[in-house]
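Asks: The structure's right below; bear with me while I get my questions together.
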């Protein structure tokens with residue numbers, strides 16, 4: 001079925017706006033199935049039906065909608081970057097950062113190594129996760145990130161008191177930020193083909209380009225909003241800036257996610273209307289995230305059934321790594337009051353993990369030797385990432401129950417955060433958002 005990209009875009013926009021009219025679902029007791037549904041599983045299934053199911057959204061149409069996809073990825077990155085305002089970040093003690101970095105590094109190393117071993121043992125997985133080294137690094141980076149919104153909801157439903165919920169959310173934010181930084185390793189390994197008329201960048205030059213692009217986008221927004229405009233003008237300037245940043249990330253084969261995350265990190269630290277920026281990001285979150293999930297569903301493919309075997313194995317390795325890192329890392333860092341099982345409280349994931357998988361797909365989809373290879377490159381890994389997020393959502397509530405067996409008044413290094421100064425963007429005071 002041949003569908004005009006304009007009609008496809010109009011349909012996606014209509015679905016996204018329709019979702020904003022639906023009332024938010026409130027649960028007193030969150031089960032594993034509730035968490036999966038709230039994370040957007042029905043929307044992903046809708047995309048799967050519209051894409052591979054009835055071929056309404058075909059690969060050529062999705063190719064034409066690549067700028068929209070880049071904007072959605074950039075928006076999720078921007079929402080993460082907007083959480084890091086320096087006046088709050090500097091109040092987080094070094095022990096908290098070290099424990100988050102240790103958890104991230106352990107999960108990354110264990111899952112990346114596990115993915116490499118599986119690809120060596122099963123040739124079908126090696127063909128599905130291509131190119132092998134960047135794919136393994138991406139799977140490790142995705143395993144390192146968490147979902148602050150999902151963690152907050154599960155913690156509240158489990159009856160954890162406010163300080164403990166806030167600390168768990170803070171731990172999830174820090175782990176997600178560290179995982180996003182690790183993700184740059186996988187993207188920096190990509191070198192455009194010389195035959196396509198592009199210049200191959202070294203990883204250092206690539207990283208400098210990402211940082212420079214993020215700084216440029218943030219500076220453009222600050223210059224547009226310096227006279228303290230009205231909130232409506234802030235929204236327009238932010239949309240224009242993120243479009244610019246996502247366009248740079250996509251066209252220059254950098255990363256819409258990283259460019260927009262760095263841009264909003266700069267914006268919330270320098271712009272006069274930082275609260276209006278966060279409000280705009282929150283207001284447009286549901287329609288953009290819905291469109292994003294439909295596109296993800298339309299891109300899903302199952303190159304081999306071995307993916308269904310690999311996902312639970314990698315999920316188990318991720319859980320064990322996070323638990324062990326926090327349990328023994330808190331002892332090594334001499335952090336008092338940390339529950340031995342609290343590492344199980346940040347297992348839930350959100351849209352950042354999927355955005356990283358989709359960003360990888362957009363970067364490496366053309367690295368196949370032929371049309372079939374180009375379609376497979378990144379597609380199998382994206383499916384693995386999505387299934388891994390579903391697995392994390394399914395096991396998060398029971399694992400939170402295990403974390404409650406010991407006092408969880410705080411997640412990693414609770415005493416390091418000044419309670420009275422903990423902000424909504426780095427805590428759990430705001431309503432959960434599932435795009436992060």
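Readers should treat all values here as calculations from the given coordinates under stated rules, not as data from a laboratory. What you see is a predicted model; the values in this text were computed from it and never measured. With ideal geometry, Cβ positions are generated from the backbone for all residues, glycine too; neighbour counts draw on all protein chains shown.
Asks: For region 29-169, what does the relative contact order come out to in percent, with C-alpha contacts under 8 Å and a separation of six or more?
Replies: Working: 66 pairs, mean separation 33.4, N = 141.
About 24 percent, as a whole number.
Asks: Could I ask something else about it? So if I take the centroid of the Cα atoms in region 34-101 and the same for region 135-176, what is the distance between those two points in Å?
Replies: 15
Asks: Beta carbons within 10 angstrom, averaged per residue: use that to sort the peptides 54-67, 352-365, highest first. Write down the numbers at each step before the final one.
Replies: Details: 54-67: 16.3, 352-365: 26.1.
Listed from highest to lowest mean packing, they are 352-365, 54-67.
Asks: Specify the inter-centroid distance of region 329-363 and region 246-284, based on alpha-carbon positions, in whole Å.
Replies: Using only Cα atoms to place each centre, the spacing works out to 23 Å.
Asks: Note down the nm distance, to one decimal, between modelled labels 7 Å out along Cα→Cβ at residue 203 and at residue 334.
Replies: Taking the two extended label points, one gets 3.5 nm.
Asks: Describe numerically, in nm with one decimal, the distance between label points set 7 Å from Cα along Cα→Cβ at residue 87 and at residue 324.
Replies: Roughly 4.3 nm, to one decimal.
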